[in-house]
Amino acid sequence: MNIYVIVFLIQILAEGYAISDVHIGYQLTLAVPSAYTEGLSGRAYLMETEQLSPNFRTALSVEAINEKYWCSLDIFLGDVRVWTSGHLSKFYTTEKCVLELTYYGDLRLKDQNERIGWRSGTSGQGVERLQLLRTGNLVLVDSLNLIKWQSFNFPTNIMMWGQSLSSATRLTSFPINSSNLFYSFEIQYDKIALYLNFGNWKYSYWEFRPSIKKNITFVQLSSEGLGLFTGKHQKIDQITSEGPEPLRFLALGNNTGNLGLYHYSAEQGEFEESYEALNTSCDLPLACKPYGICTSSNMCSCIRVVESDGFQPDCRARNIEGLCGRSRAEMLELRGAITVLKGNPNEANVTKEICANLCLDDCSCVAAQYTNLGECFLYKFIRGIKQVERRNGLIFMVKIPKGEDEGHGRHSGLQKWVIIVVGVVDGFIIFLVLGGVGYYIIRKKLKNSPITGQET
């Protein structure tokens, strides 16, 4: 058995021996520090491709995250991590991180107690060795070079040149500061689209439909762009790179959720975007915090309940989920604002009032968007709001507590504004009525009294 033990110190990057392939019986170990150090990262590179820089390398990694040490098997293109075993579920360990290709052909990660944190699941399938291909695909093959497992079948948030994704797969990415939201890039029969996922709810914020109306079977990344195919080889459309440089990968951003095509700039020594799906920050779903609005100047502000200089903006951070009932809540229409998030309408052929009531009666609903086609969309969180000059038939409403008094907060300002307007209008109407009655009585008295003249 080939065993390599790599011990790294704080803030020191450890590199193992890079070899062409790994055979059964191979084992590589990274020692994990006993004390936690923020930002600590250690890697042992075990394989790399014979290409001009930047090339692909496979590494066993230990990184400090969330007060623990994360153990993973990774693939790097230059300095960019393009695949990791811990994309969907991280394996935390202490004392040591072990990569092993067993004699039974199972590739696995384990800790000092032989606890398995990740595995390929290829035991007993005749696996002979682990290889890293020039495409960046990490594969387990048998004696006939037949692939038994490959990293391309388990995509993360990055798609490599030459890689294909069928309608049964998707890319996913996870915002750093959010535990309950994630982005996904999905291939559907009639379009490709970006989604923001929240529990069982899913909202799209970008889509691309092929010009030829045929079912999409798979997509493939080439040097020129992302091709959409039907059947086996018929290309029906393509998202084309905006530069002459050959593309290396497609990425779904962890922070922004934007979709980008990337090339390598030898002049800058780094990867740069050749195309991005969304060009302005206001079109991103999480551009601003909850109850924030992205303004026309691409800056985040707070929702203003009443568009008047006399009232303060609404910058609430608290959650009103669970607030329901028409006696406890009401829907407030935000003028000049919509949300970039779209989903399947919860109801169709309804009025705006019915749409508002649907949200009021749903304890999990916090906002609603209504279209002039009679479609009603309900939302479980308030994100992706942006300022617009023309709403194109869209009406966005948020749920607020009914009759709540918060001093200079949002609803007290609205209530005062309504009282002032109603008082002025009512006073003006009363003035007109009383004036009219008085004029009528005086005129009638003058008409009925006798006319007297003056004596000379």
#### Entry: Cα gyration tensor shape of segment 155-279, rounded if a/c is under 1.5, else prolate or oblate by comparing a/b with b/c
oblate
#### Entry: Too-long pairs where the Cα-Cα distance tops 26 Å, listed order kept, from Lys235/Lys342; Lys148/Lys191; Lys380/Lys402
Lys235/Lys342; Lys148/Lys191
### Task
Which order do the peptides 162-173, 98-109 take when ranked by the mean count of other beta-carbon atoms within 10 Å per residue, highest first?
98-109, 162-173
#### Entry: Value of D in µm² per second that Stokes-Einstein yields for segment 1-153, Kirkwood Rh from Cα pairs, at 10 °C (1.306 mPa s)
102
### Task
Convert 37 °C to kelvin, take the viscosity as 0.692 mPa s, use the Kirkwood radius over C-alpha pairs of segment 130-208 as Rh, and evaluate the Stokes-Einstein diffusion coefficient in µm²/s, rounded to a whole number.
227
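Every number here is computed from the coordinates shown, using simple stated rules; none is lab data. Because the structure is predicted, anything quoted here is derived from the model rather than measured. We place every Cβ from the backbone using ideal geometry, glycine too, and count neighbours over all the protein chains shown.
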